[in-house]
Amino acid sequence: MLPYTQVDAFTQTPFTGNSAAVMLLNAPLSDEQMVLIAREHNLAETSFLLKQDDGFHLRWFTPKVEIALCGHATLAAAHFLYEDGIVQQHETIRFHTMSGLLEVTREADGRMTMNFPVKSESPCEPPPALRTALQKEFDAGLVVYVGKTPYDYFVELASDSAVRNFQPNMSAIEALDVRGLIITAQSEREGEDVVSRFFAPQAGVPEDPVTGSAHCAITPYWSNKLGKQQGDVLVCYQASERGGTLICNVEGERVLLRGYAVTTMRGVLFGL
């Protein structure tokens, strides 16, 4: 039997933000077992934690594959460790991951700060598959910029409404030769700087509700474009059906991603 906790990340309201399952293991599981468990949870990601002397080994799995970097499932894992008293509130959590060391701290009001690597985009010529996925937007002259991060295609659209009203062609997005597709624009709503959405059907996540790793590219891109200085925060809203807010800023080659999380379910997994 393995206990698990389900946490909604980048929100203070249950059933919004992005949900992840968190499992603290007593011993390593095989990759095949972790994929099966993640498939059973059927959430965007499941976090698997294993205690180490100087922190925790952390891996993330979608219902289909292991991924190299995940923000919301890291936030969910940190929330679980703090809430259950496994890590004290004043302590920094050290996660050893495929993307290197990730650190998380917690403020008195429960908001957490994740220290992630910058994953900037570089301009690229849109391949035919991307033009197919965004055919209406290209035809209407709404595509302002196309880039590519280490993981995803990155597309700036001309308006807030173009992002919020985007109708994804999932089969075309799934044909892209990357993890997923980021679309973003400057927000037109009070209190927000940036709006975005993220799609990764090829990884088993058709539309991700809130994507921390995408903001490792969104934050430096928009901070530069909007004239933000080192330390100036960027308020980012991901406009999925569930929605979620991230408070971000760039510090050198790192991105600080801030948000809340809330526990929604606890259970026990049988059958291994």
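Which one is farthest from the chain's Cα centre (by Cα) among residues in segment 228-240 that are assigned to a loop (DSSP other than H, G, I, E, B) and at pLDDT 95 or above? Residue satisfying both the conditions and the ranking: Val233. What's the total number of residues in segment 4-27 that are loosely packed, with under 12 Cβ neighbours inside 10 Å and either within 17 Å of Arg59 (Cβ to Cβ) or in the same structural domain as Cys236 (by TED's automatic domain parsing) (or both)? The qualifying residues number 2. Looking only at residues in segment 130-157 that are aliphatic (A, V, I, L, M) and assigned to a loop (DSSP other than H, G, I, E, B), the one that is surrounded by the most Cβ atoms within 10 Å (Cβ to Cβ) is Leu134.
For segment 28-60, the set of residues classified as buried (at least 18 other Cβ atoms within 10 Å of the Cβ), over 30 Å from Val235 (Cβ atoms) and small (Gly, Ala, Ser) consists of Ala38 only.
Residue-by-condition table, conditions (1) of a type outside the set (A, V, I, L, M); (2) more than 18 Å from Glu121 (Cβ to Cβ):
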| residue | (1), (2) |
| --- | --- |
| Pro201 | yes, yes |
| Asp208 | yes, no |
| Val233 | no, yes |
| Thr245 | yes, yes |
| Phe270 | yes, yes |
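Evaluate the following for Cys216: is it touching a residue at least 40 places away in the same chain (Cβ under 8 Å), assigned to a helix (DSSP H, G or I), buried (at least 24 other Cβ atoms within 10 Å of the Cβ) and not aliphatic (A, V, I, L, M)? Criteria met by Cys216. Residues in segment 118-129 that are closer than 29 Å to Asn249 by Cα and either assigned to a helix (DSSP H, G or I) or of a type in the set (Ser, Thr, Tyr) (or both): Ser120, Ser122.
Screening the candidates Met170, Met265 for the property of being at pLDDT 95 or above and either surrounded by 18 or more Cβ atoms within 10 Å (Cβ to Cβ) or assigned by TED's automatic domain parsing to the domain that holds Gly110 (or both) yields one hit, Met265. Elements of the type strands (runs of 3 or more DSSP E) sitting completely within segment 42-103 and holding at least 2 residues that are assigned by TED's automatic domain parsing to the domain that holds Thr16 and under 17 Å from Val7 (Cα atoms): these cover 45-52, 55-61. For segment 158-169, which residues satisfy the criterion of being more than 8 Å from Ala133 (Cα to Cα) and free of Cβ contacts under 8 Å to residues at least 40 places away in the same chain? Those that are more than 8 Å from Ala133 (Cα to Cα) and free of Cβ contacts under 8 Å to residues at least 40 places away in the same chain: Ala158, Ser159, Asp160, Ser161, Ala162, Asn165, Phe166, Gln167.
The values are calculated or read from the model by the stated rules, or taken from the named source; none is laboratory data. Worth saying up front: this structure is predicted, and the values here are computed from it rather than measured. All Cβ positions, even for glycine, are placed from backbone atoms using ideal geometry, and neighbour counts span all protein chains on display.
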